[in-house]
Every structure is written in C-alpha cells, then in structure tokens.
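The structure appears right after this line, and notes come after that.
The values are calculated or read from the model by the stated rules, or taken from the named source; none is laboratory data. Bear in mind that the values here come from a model prediction, so they are computed numbers and not experimental data. Positions of Cβ are backbone-derived with ideal geometry, glycine not excepted, and every protein chain shown enters the neighbour counts. Heads up: the accessible areas ignore ligands, DNA and RNA and are worked out on the full protein's heavy atoms, side chains in. Shrake-Rupley method; radii C 1.70, N 1.55, O 1.52, S 1.80 Å.
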Amino acid sequence: MPTFEFIRYGVSDGLATLTVNRAPFNVLDIPTMAEINRALDLCRTDVLVKLLVITGSGEKAFSAGVEVADHTPDKVDQMIEVFHGIFRRLQQMPMPTVAAVNGVATFSQIWPTTAGSANTLTASDGSLTGVTSITFTVTAAYSI
C-alpha cells in the first residue's frame, strides 16, 4: 500500500476509507487532490472493495473546499485537472460511495465538492453545508 502525506487510505473487510487529513478544515490543495486521485485509482481496481467511504479528519470540517492560493494563473490549470480528476474517478467507481460529512462541508456554485459526488451523503449531528464562491476577473469555460 502506498504512503500518503495528506490523506489516509485503507481497506479492511471490503470497506475502503479515504480520509482527507488536513484538519482543522481539510482544505484541498493540489498535492492533496493528487493523493486523492491516486487513492481512488487504487480503490477502483481493488476487487475486494465493496464500499468506499470518504470523510475528513477532525470535527470542524469535512472540507472547506479548494485552496484559494491554487486559483492563481500559474496553478489554475493544474488545480482544475486534479480537481476534475476526483469527479471523473468517482463517477467510474464500480462500488457505492458514501460521503461521511462531519462539521462543515462547503459546495461551490460551479462544482460540487467530493461530498456532492458520492452516491450517498450522511452527516453527523451539527454538520453544516453551504454554498461558496470566489469572484475572479477572468473566467474560462471548463467541463468535467
């Protein structure tokens, strides 16, 4: 099993668990999203996995969304590629996926977060979801 710096991934008794491990807010920067993609690739090809659960570490947030600093002109193309890669992979999962939301989960007005792409979303008591957006002076059309 590969090692990861920003996520935890493991499989036990047919259950794969992917945890974003950047508490307290589990912000998704480019390296974290690249690790999520690697873990999803492992999960998708593991015939022993019957269910995937995605969650965030800590109690404050499932995820506060994508790192604002990764929206700069020199990083945005790479950020969009790894970000969209998460959803492409989730759509190809042969097993059910569950987003176990603890704390805050923000949803972009343009793209759903990982929680929004799961087959099932479950939230702990006291969880909050909301829509966020960032206004930029330059826009480009991208599709998943």
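Quick look at the numbers
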{"item": "Solvent-accessible area, 1.4 Å probe, carbon plus sulfur percent, for region 1-103", "result": "56 percent"}
{"item": "Loop sites in region 12-61: trypsin sites (Lys or Arg not before Pro), DSSP, at most 16 other Cβ within 10 Å", "result": "LYS50, LYS60"}
{"item": "Mean accessible surface per residue for region 21-108, computed with a 1.4 Å probe while every protein chain stays in place, in Å²", "result": "44 Å²"}
